[in-house]
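Below is one structure; the comments refer to it alone.
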Amino acid sequence: MAADAAETVEVRGALVRLRRVTGLPVAFGGLVEPGRPQIRISELSGTATTAFSALAVVTGNGLGGKAAVLARPCAVTDYSASQRISHEYDAAVATEGIKSVLAVPVVVRRRVRAVLYGALRTAQPLGDRTLSAAVDAARDVEQSLVVRDEAQALLSAVREPAGPSGAAWEQVREAHGTLRALAQRVEDPVVRAELLQVCGRLAGATAPGAPAQAVGLAPREVDVLSCVAGGATNAATAERLGLRPETVKAYLRSAMRKLGAHTRWEAVVAARRAGILP
């Protein structure tokens, strides 16, 4: 899946959640076009017309353009009458019949990547609960995009791994552990499958041409061992994987038993020999 298509899916999901949590009848949004100072509205939820479909909102113009420039949420009670924004898009707003509107930017590493809008068809103030929910929806998208960016960077870095020696292998092993941890946080099944496929390729590179031994470790047991191999404590592993420390210990004990290991480091060595870890 192309990066922009995957990001669009994140925006779409956020708009659906925003309407569900707040009860707002209308939500829409889109991505900031790369290399261009404008937001392309691509996702509509609850709209009655196509007035906003593919609308290009220039950065700085209207409510969403203002939110993008300021990199913070903005809201108006009556869009067409507001003196706090410019009015290049009044025709589309009037056609859709909305009045109170909020716009929240999605900001990743100080760069606005998208803008989410929510709206009422009546002119009434949008309460703190609604504004907070909109900000939460934007934060969810931000976190997903950060994970996706990190994953893509790692994928690019390990597509052609260096030879199996010294510092190069340590980098490969670190990337493997990071990829496995990221895979569990990615909702997109296509991206997750690609991440795990790369993990398998890295693990198999330990013994080129030799298939991994059928030890039968569960995916979470491999995740835990991968963190342990990188020197993480049980507590750090739990935080990284979103598990309880007791659960990490249980997975580690199970993996050790299956690998015939008496210590965590013996388990790591056995997993590497079996082609489960790089």
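The values are calculated or read from the model by the stated rules, or taken from the named source; none is laboratory data. As the structure is a prediction and not an experimental result, all values here were calculated from the model. Cβ atoms come from the backbone with ideal geometry, glycine included; neighbour counts cover every protein chain shown.
Annotations for the structure displayed:
- Subset of the range 1-11 that is out of contact with any helix residue (DSSP H, G or I) (no Cβ under 8 Å at 6 or more places or on another chain) and either of a type in the set (A, V, I, L, M, F, W, C) or buried (at least 16 other Cβ atoms within 10 Å of the Cβ) (or both) - its residue that is modelled with the lowest pLDDT: ALA2
Yes/no per residue for (1) touching a helix residue (DSSP H, G or I) at 6+ places or on another chain (Cβ under 6 Å); (2) assigned to a loop (DSSP other than H, G, I, E, B); (3) buried (at least 17 other Cβ atoms within 10 Å of the Cβ):
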site	(1), (2), (3)
ALA14	yes, no, yes
VAL21	yes, no, no
GLY29	yes, no, yes
ARG36	no, yes, no
THR49	yes, yes, no
ILE85	yes, yes, yes
VAL93	yes, no, yes
LEU102	yes, no, yes
VAL106	yes, no, yes
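- Total residues in the range 51-70, condition surrounded by fewer than 15 Cβ atoms within 10 Å (Cβ to Cβ) and more than 17 Å from GLU33 (Cβ to Cβ): 1
- Any hit, the range 57-69, residues being part of a strand (DSSP E or B) and under 12 Å from GLY118 (Cα atoms): no
- Cross-chain or 6+ apart pairs with Cβ under 7 Å, the range 216-232 first and closer than 15 Å to GLU266 by Cβ, then of a type in the set (S, T, N, Q): GLU221/SER254; VAL224/THR237; VAL228/THR237
- The residues on offer are SER132, SER144, and the sole one that is assigned to a helix (DSSP H, G or I), without any contact (Cβ under 8 Å) to a residue 24 or more places away in the chain and either in the same structural domain as VAL21 (by TED's automatic domain parsing) or more than 16 Å from ILE41 (Cβ to Cβ) (or both) is SER132.
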